[in-house]
Each structure stands twice: as structure tokens, then as C-alpha cells.
1. Report the antiparallel proportion of the DSSP beta bridges in the chain as a percent, rounded to a multiple of 5.
2. How high is the relative contact order of the chain? Use alpha-carbon pairs under 8 Å, at least six apart in sequence, and give a whole percent.
3. Taking the Cα centre of region 9-69 as origin, sum charge times position over the Cβ atoms of Lys and Arg (+1) and Asp and Glu (-1), and report the length of that vector in debye to the nearest 20.
4. If neighbour count is taken as other Cβ atoms inside 10 Å, put 166, 256, 305, 64 in order from fewest to most.
5. Tell me, what HN-Hα J-couplings in whole Hz come from the Karplus equation 6.51 cos²θ - 1.76 cosθ + 1.60 at θ = phi - 60° for each residue of region 60-74, using x for Gly and Pro?
6. Treating only the Cβ atoms of Lys and Arg (+1) and Asp and Glu (-1) as charged, compute the dipole magnitude of region 239-316 about its Cα centre; round to the nearest 20 debye.
7. Report the relative contact order of region 9-69, percent, no decimals, based on alpha-carbon pairs under 8 angstrom and at least 6 residues apart.
8. Taking the Cα centre of the chain as origin and charging only Cβ (+1 Lys, Arg; -1 Asp, Glu), how large is the dipole, in debye to the nearest 20?
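Just so it is clear, none of the values below were taken in a lab; they were calculated from the coordinates. Bear in mind the structure is a predicted one, so any value in this text is a computation, not a measurement. Glycine gets a Cβ as well: all are built from the backbone with ideal geometry, and neighbour counts include every protein chain shown.
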Amino acid sequence: MQFVLPPATVRGPQQVPLRWEDAGCPNCASRHNSPLLEAQDWMSGDEGLWFAVVQCDSCGTCFTNPRPDPASIGQFYPPSYTPYRERRRRRPLLGWRPWPRLKKPRVEKRPLPWHGRGRLLDFGCGNGSYLVEMQKRGWDVTGLDVSREMIDRIRDELGIRAYVGTLPHLELEPESFDVITMWHSLEHVHEPAPLLREARRLLAPGGKIVIAVPNIDSLPFRWFGKDWFGLELPRHLTHFTPSSLLQMLQRCGFATEPIRFIRHAKWLRTSAERVCSRGGPTPWWVRLLRYRLPAAAVTWYSWFTQQTDCLLAVGHR
């Protein structure tokens with residue numbers, strides 16, 4: 001596979017220089033890796049740049065390389081980026097929700113049981129919806145996100161304590177939280193291991209971290225490859241597997257629980273839609289997976305066989 005760097009500018013309101021960096025493995029720091037695939041930035045349509053994913057020859061961790069550096073990657077997060085949108089409540093179809101318990105295995109971002117003194121930090125808090133939910137349940141919540149617009153909204157409109165930036169952060173003191181959540185945010189971080197070590201420092205003794213990330217060692221990824229919803233280049237920088245996620249947590253000093261597998265039928269449908277939108281001959285089973293019932297059946301199979309495209313990990317200090 002040959003990877004050619006695109007021009008060092010990106011289309012947008014302003015011509016912003018795009019600076020590239022050649023990364024080592026985010027898990028073991030090895031500089032030896034092998035090409036895995038190339039994929040386009042789907043948010044930019046046909047004009048989107050192409051990026052490469054490589055796999056570490058030492059530990060097997062997959063990561064985007066080369067990649068935009070921390071100073072220039074922000075241009076790939078437009079205001080329309082999904083986590084920054086306000087969520088609308090969905091009405092149940094005809095007021096009927098059959099077998100609600102069947103939804104449980106796929107919902108990772110749900111309220112947590114009370115832990116310690118109930119002090120929670122949501123890293124990558126986006127629009128603040130999770131902070132609101134947990135505050136309603138009595139938790140003392142704090143948000144952290146790189147988007148100043150989102151943090152201003154959380155402070156001004158929701159009245160919730162929140163800070164702009166990442167970890168480490170000067171406003172956050174050691175052992176000041178009982179739970180830290182990272183809902184689909186760790187894969188966006190340039191240096192995830194140092195960040196996890198800092199998160200451990202912020203946890204009180206007995207505290208825990210809860211992390212949800214896409215799973216590149218999944219049935220949907222093997223089916224769809226560069227069209228897989230969970231790839232999302234270049235915003236996703238580390239592409240976790242169950243073993244690489246647990247290994248990173250353990251290297252950063254956490255005691256880990258077994259990985260939980262989360263199913264997302266919508267992710268599967270979106271991946272199938274992307275394949276179909278390219279035109280040309282499309283396998284019948286891909287066309288079928290654009291619909292709810294077939295996609296739901298496949299995600300249940302993936303869950304039972306531990307091949308879903310989303311992972312949930314819990315680490316304890």
C-alpha cells in the first residue's frame with residue numbers, strides 16, 4: 001500500500017496549514033509497524049483527504065499514521081460534528097416499546113450506580129447531555145472538552161462546572177474524582193497512555209474509569225473495511241481491540257474488569273449505506289443491512305460471539 005501525503009492545506013473558512021507527524025505506537029512506543037488500510041475522511045465528501053491506519057509489529061495496536069498534529073487536527077471537527085449537536089428525545093413508535101430489556105447490552109452511555117462520594121469527571125463531555133443526566137441523579141459533575149463553544153454553553157445554559165482543555169488540567173486536583181468517564185473520546189487523543197496515567201492520578205483510592213471505544217477487531221470492520229462507521233479518520237487516532245485496550249489500561253496502573261461488548265445496529269446500517277452510496281455492484285447482503293431488522297439480527301449475533309464494533313472497559317485505581 002502506497003500512501004501519499006495530500007497538500008498541506010485543508011478547505012474551510014480559512015486556509016489553515018496542516019502539519020503532519022509520524023507517530024510511534026500509542027501503546028508500546030514501537031516505531032515498527034505495517035500498513036493496514038487507507039480510508040477517506042467521510043465528513044468531507046468526495047474532496048476528503050485520505051489517511052492510513054497501521055498496525056504495530058510489536059503489540060498489534062492499530063493507529064492512524066501519519067496524522068495531523070495536535071495543533072492542526074481541530075480543523076477536522078466542524079461545528080456539525082455529532083457530539084456537539086443538541087440531542088432530541090425520540091418518541092417511542094406508536095407509544096409501544098417491545099422487550100425493553102433487549103436494549104440493555106448496546107447502551108454504553110447509561111447512568112452509573114453510585115460510587116464513592118459521587119464526584120464524576122466526564123472527559124470529552126461534548127454537549128453536556130451526560131452531565132445533565134448524572135447531575136439529576138445527585139452526582140457532583142464536572143465536564144472537560146476541547147471545544148470552547150461547548151464548554152461555554154454547558155456553563156452558561158446548563159449551569160454545570162466545566163473546563164476547556166484536556167488532561168492534565170491545572171484546575172483539576174489529584175484524587176478529586178470517584179469516577180471518570182470517557183465516552184468515545186479516548187480514540188481521539190494523540191497520546192492516550194499519558195492521559196490515562198493522569199486520569200488515574202485524579203481518581204480517589206478505589207475510584208474507577210469507564211471507557212467506551214470502537215472495536216477494530218470486530219465483525220463489522222472485517223466486512224466493511226474503509227467504509228466501517230467506527231473508523232472515522234482522521235478524528236480517531238487509536239483503533240482499539242479488546243486486548244490493546246486492556247493492555248493500555250494495565251500498563252497505566254489500572255486493575256481491569258473483563259471487556260463488555262456493545263452492539264450498535266445504527267453503526268452497521270450506516271456502514272452499509274456508505275458502501276451502497278459508492279455506486280456499482282453491491283452484494284445483496286450489504287443492501288439488506290441498511291434496514292433495521294436485518295441489522296439488529298446481525299448485531300445480536302456479533303454480541304453473542306463477542307465481535308461487536310464497540311467496547312466498554314472499566315479500570316480501577
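1. Counting DSSP beta bridges with both partners in the chain, the antiparallel share is about 60 percent.
2. Numbers: 585 pairs, mean separation 52.7, N = 317.
Rounded, it is 17 percent for the chain.
3. 140
4. Ordered from fewest to most neighbouring Cβ atoms within 10 Å, 166, 256, 305, 64 come out as 305, 256, 166, 64.
5. x, 5, 9, 7, 6, 6, x, 9, x, 6, x, 6, 10, 6, x
6. Roughly 340 debye, rounded to the nearest 20.
7. For region 9-69, the relative contact order is 36 percent.
8. Numbers: 43 positive and 31 negative charges, 339 e Å.
The dipole magnitude comes to about 1620 debye.
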